[in-house]
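Chemist: Here's a structure for you.
Nothing in this text is a laboratory measurement; each read-out follows from the coordinates by a stated rule. Predicted model, so just to flag it, every value in this text is computed and none were measured. Positions of Cβ are backbone-derived with ideal geometry, glycine not excepted, and every protein chain shown enters the neighbour counts.
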Amino acid sequence: MEETANNLPAAEVLLVDDNPADSELVREILGRNTCPDHIHAVLNGTEAIAFLRGQGQHARAVLPDLVILDLNLPGKSGRTVLAEVKADPVLRKIPVVVFSTSNATHDIVLSYETGANCYVSKPRNLRDYVAAVNSIGEYWLGFARLPREGKHE
């Protein structure tokens, strides 16, 4: 079993964001405290669902312990991805953190109504962005108990 620097099992994380720079920054920040090899990124909602269902080029993908999802994606939106994940009996147990530039009350309420486990608005400055991602990582990959079903034990 691979462990992180803080002796926690290495969590599988799926980042879903159409901005490669945002994905790389989140990967770098999370990678400081978890195993970077276990952080996967996809650029759109269709690819996210394929990854989660192990389809196509993602046939060997490991089911993630956590999904960090942007709402504003091309094609299949993050809202649709969230709805599909939470409607699927196999996927719905995976915590989904919505990490979006939107501060709109409608987006926040709808995300929670659809089953989001957390909603974090992306800060506009780098210092706050790093702090937000660190907080997501510390909570979801450090303190929260994830429904791993023994796959890391």
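Chemist: Picking from H58, H106, H40, which is most flexible by a Gaussian network model of the chain using Cα springs under 10 Å?
Modeler: H106
Chemist: Another question about this same structure. Just subtract the alpha-carbon distance of T105 and N134 from 0.36 nm times their residue separation and send over the number in nm, one decimal.
Modeler: Working it through step by step, the gained length comes to 8.1 nm.
Chemist: Each residue of the stretch 103-109 in turn: what ³J(HN,Hα) in whole Hz from Karplus with 6.51, -1.76, 1.60 and θ = phi - 60°, glycine and Pro shown as x?
Modeler: 10, 5, 3, 4, 5, 5, 4
Chemist: So for the chain: antiparallel DSSP bridges make up what percent, rounded to the nearest 5?
Modeler: That works out to approximately 5 percent antiparallel.
Chemist: In terms of the Cα gyration tensor, with a ≥ b ≥ c the square roots of its eigenvalues, is the chain rounded because a/c is under 1.5, prolate because a/b exceeds b/c, or oblate?
Modeler: rounded
Chemist: Between rounded, prolate and oblate, where does the stretch 35-96 land on the alpha carbon gyration tensor, with a ≥ b ≥ c its root eigenvalues, rounded for a/c under 1.5, else prolate if a/b exceeds b/c?
Modeler: Rounded shape, in that the Cα axes give a/c under 1.5.
Chemist: Longest span of the chain, sites excluded, free of trypsin sites (Lys or Arg not before Pro) in DSSP loop with at most 16 other C-beta atoms within 10 Å?
Modeler: The answer is 1-31.
Chemist: In whole Hz, what ³J(HN,Hα) sequence does the stretch 114-128 give by Karplus (6.51, -1.76, 1.60; θ = phi - 60°), x for Gly and Pro?
Modeler: 7, x, 4, 8, 6, 10, 10, 7, 5, x, 8, 10, 4, 4, 6
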